[in-house]
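Below: the structure, in structure tokens.
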Amino acid sequence: MSREAAKTLTFSCDCGALSGHITEHGVRSGTHVVCYCHDCRAAQLYFEQPDPAPGPVEIFQMAPEDVKFETGTEHLAAMQLSPKGMLRWYAKCCNAPLATTPLTPKFPFAGFIVKRIPNTNDLGPVTTRGFIPGQGGKQTHEKIRYAAWGLLKRVLKSRLSGSWKKTPFFSSGTGEPVVQPTVLTKEERAAFYD
């Protein structure tokens with residue numbers, strides 16, 4: 001099935017207590033990427049997931065309003081690797097990572113963890129590889145233009161239409177996260193980096 005004819009895609013946490021779907025629009029307009037960055041790996045380790053290294057974390061980038069929770073929102077939680085770090089959303093019932101967002105809904109971006117989606121055929125191929133480790137600790141990106149162009153289109157559309165206010169991750173009234181995030185201390189964070 002082509003992404004143009006894509007249907008909604010369901011997702012759930014590991015235990016199934018929290019579930020929902022990604023809208024058809026989200027499936028069509030999202031960007032399928034992989035990320036090798038230290039923070040993505042650290043977050044997986046924090047959530048007691050298998051260590052992705054030396055491989056990447058697979059992510060589907062989309063507008064957050066295209067994520068719809070249906071059950072188990074009482075299990076939704078968030079953490080930050082540092083006080084100014086991205087919000088990393090997860091299901092506290094089973095520690096399953098769900099998505100990453102900025103600290104504000106005004107920049108409408110969600111990096112959804114592909115592992116949560118049982119049927120990934122409609123996501124299309126991986127188009128961008130980010131933070132690929134190289135010689136001497138240097139990092140490079142492959143085909144970053146796909147992720148950048150997708151991000152720009154989604155952010156502009158979301159901001160111009162006002163749909164950015166309909167995110168499930170932030171209160172529409174205050175713009176604050178719907179849950180109080182746990183912020184790791186420098187010492188706690190150090191345990192997940194090597």
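The values are calculated or read from the model by the stated rules, or taken from the named source; none is laboratory data. Because the structure is predicted, anything quoted here is derived from the model rather than measured. When we count neighbours, we look across all protein chains shown, and the Cβ atoms used for this are built from the backbone with ideal geometry, even at glycine. Accessible surface areas use protein heavy atoms only, side chains included; no ligands, DNA or RNA. Shrake-Rupley method; radii C 1.70, N 1.55, O 1.52, S 1.80 Å.
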Checklist entry - Rounded to a whole number, what is D in µm²/s for region 84-194 from Stokes-Einstein with the Kirkwood radius over alpha-carbon pairs (20 °C, 1.002 mPa s)? => result 130 µm²/s
Checklist outcome for this item: Spelling it out for Phe170: with amide H atoms placed in the peptide plane at 1.01 Å from N, the residues 5 or more places away or on another chain with amide H under 5 Å from its amide H are Val178
Checklist outcome for this item: Working note, region 1-92: Cα radius of gyration (Å, one decimal) and Dmax (Å, whole number) are 14.3, 42
Next on the checklist: Cut-off under 20 Å on the C-alpha distance; same-chain residues fewer than 8 positions from Lys143 excluded. Which lysines are left, in chain and number order?
Outcome noted: Lys153
Checklist entry - Of Lys165/Lys186; Lys84/Lys106; Lys106/Lys157; Lys68/Lys106; Lys106/Lys138, which pairs sit farther than 21 Å apart, going by alpha carbon to alpha carbon? => result Lys165/Lys186; Lys106/Lys138
Item to check | Derived scalar couplings ³J(HN,Hα) [region 90-96; Karplus, 6.51 cos²θ - 1.76 cosθ + 1.60; whole Hz; x for Gly, Pro] | outcome: 8, 9, 6, 5, 9, 6, 8
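For Thr73 and Leu160, FRET efficiency with R0 = 25 Å and r from the beta-carbon atoms, rounded to 0.05? Before the final figure, lay out each step's value.
Working: r = 28 Å, r/R0 = 1.12.
Taking R0 as 25 Å, the efficiency between Leu160 and Thr73 is 0.35.
Per residue, how much space in cubic angstrom lies within the convex hull of the C-alpha atoms of region 135-194? Walk me through the numbers on the way to the answer.
Working: hull volume 8.4 nm³, N = 60.
Cα convex hull per residue, to the nearest whole number: 140 Å³.
Ignoring ligands, DNA and RNA, how do Met86, Met79 rank by accessible area with a 1.4 Å probe, largest first?
Values: Met86 75, Met79 0 Å².
Highest to lowest solvent-accessible surface, that is Met86, Met79.
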Checklist outcome for this item: Expressed in nanometres to one decimal, the distance between label points 7 Å along Cα→Cβ at Thr104 and Lys186 is 2.7 nm
Item to check | Accessible-area order (highest first, 1.4 angstrom probe) of the listed residues Glu176, Glu65, Glu24 | outcome: Glu176, Glu24, Glu65
Checklist entry - Which of Gln139, Gln61, Gln44 moves most in a GNM of the chain, Cα contacts under 10 Å? => result Gln139
Checklist outcome for this item: Diffing region 7-21: the Karplus 3J(HN,Hα) column from phi (6.51, -1.76, 1.60, θ = phi - 60°), in whole Hz with x for Gly and Pro, holds 9, 5, 10, 7, 8, 7, 6, 4, 8, x, 5, 10, 8, x, 8
